[in-house]
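The values are calculated or read from the model by the stated rules, or taken from the named source; none is laboratory data. Because the structure is a prediction, the values reported are computed rather than measured. When we count neighbours, we look across all protein chains shown, and the Cβ atoms used for this are built from the backbone with ideal geometry, even at glycine. Quick note on the areas: whole protein, heavy atoms, side chains included, nothing else; ligands and nucleic acids left out. Shrake-Rupley method; radii C 1.70, N 1.55, O 1.52, S 1.80 Å.
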Amino acid sequence: MVDVRDAAKALAGAGRVVVFTGAGISAESGVPTFRDALTGLWERFDAQALATPQAFEDDPDLVWGWYEWRRSLALRVRPNPGHEAVAAIERHAPHTVVITQNVDDLHEQAGSTAPIHLHGSLFTPRCAACSGPAEPSRQPEPEEGRRLAPPRCGHCGGPVRPGVVWFGEALPVEPLESAVQAATECDVLLTIGTSGLVYPAADIPVVAARFGATVIQVNPQPTPLDEVAAINLPGTAATVLPALVEAAWPPS
Ligand code: BV8
Ligand code: ZN
């Protein structure tokens, strides 16, 4: 088991905490990461190529079908002990801000109050033409996935698109500003399950370190954030995080 004592000491002593997460925290719930090869209808595609305005323009049914498959999967899976530990940190350390790159709602399902979604959500579709909100479907999608024509906007008839940030698109201003603000003010930043390769999100742990925070990384693999982190915990979210919380706040 990874030695979490130093990390637990830093966490228990922190006034302000930021928890920054990527796809790795949802891996043990059964949600593929962006590093994992795609399956089914999309196996011959690269996630980074599909998650673009160009791909949606070229083949809207393929891309809409992919996001509906991911939404349906997110509805089927459950938060894991990693997500639950993050919610526990919020209870023990009231000045905690959760910032995620994930578009699933597993942090919310685990009890996290208001995680900042830097890259949007699978549950907030909108019109690609007038940006009017659209109702997310609750229908299950077939396991192997399918092409699916995007619904039409009830207001202008335009195609509905996923409420996520695609590569080449600017991040929504307010969430990004709140995330950067929290990073400049925190004493400890926990970065969990991210490869730290996608910008500007990957700058968040760097900003925190630059403003004097202790950065703690939880990841079974090395990443470019190894250099930024004062403490590296080489393990999985669902195994390391519960141990870290128990060491930081031993049950009385
Ligand atoms: C923009 C939503 C400009 C959609 C996503 C600077 C340098 C280089 C390139 C750029 C740069 N600035 C901008 C760019 C371009 C680009 C970018 O960063 N490209 C990279 C790839 C080189 N950035 C953009 O395009 C951004 N927009 O720059 O706009 C602009 C400005 C003004 C006006 C117009 C335009 C937009 C980026 C957001 C794209 N959308 N998601 C969707 O989900 O479909 S990004 C998406 O990929 C995720 O949200 C996430 O951010 C990223 C995947 O990364 P991770 O979450 O880290 O996951 P990954 O699979 O990579 O790694 C998993 C990790 O977990 C691994 O390390 C693994 O070891 C670990 N792990 C595995 N199992 C476990 C585990 N850890 C713990 N426990 C486990 N069990
Ligand atoms: Zn519209």
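Observations
- Within the stretch 129-246: Cβ-based charge dipole about Cα centre, in debye rounded to nearest 20 (Lys, Arg +1; Asp, Glu -1): 500
- Structure-based [θ]222 nm, the chain - -39500 (n - 2.57) summed over DSSP H runs of at least 4, per residue, nearest 500: -10000 deg cm²/dmol
- Span-like helix check, the chain: qualifying full DSSP H segments, with Cα axial length of 15 Å or more and mean Kyte-Doolittle of 1.0 or more, are 237-248.
- Alpha-carbon gyration tensor eigenvalues x 5, square-rooted, for the stretch 84-166, Å: 30, 16, 10
- The local environment of residue 195, defined by Cβ-Cβ distances under 12 Å, has a net charge of -1 under the rule Lys, Arg +1 and Asp, Glu -1.
- Accessible carbon and sulfur surface of the chain relative to its total accessible area, %, 1.4 Å: 54
- Whole-number percent relative contact order across the stretch 130-252, with pairs defined as alpha carbons under 8 Å at least 6 apart: 16
- Inter-part distance, the stretch 142-192 to the stretch 101-136, computed on C-alpha centroids, equals 6 Å.
- Loop-located GluC sites (Glu not before Pro) in the stretch 24-70, at most 15 other Cβ atoms within 10 Å (DSSP): 43
- Per DSSP, loop chymotrypsin sites (Phe, Trp or Tyr not before Pro) in the stretch 166-238 with at most 15 further Cβ within 10 Å: 167, 211
- Peptide packing: for 83-92, 120-129, 133-142, the average count of neighbouring Cβ atoms within 10 Å per residue gives the ranking 83-92, 120-129, 133-142, highest mean first.
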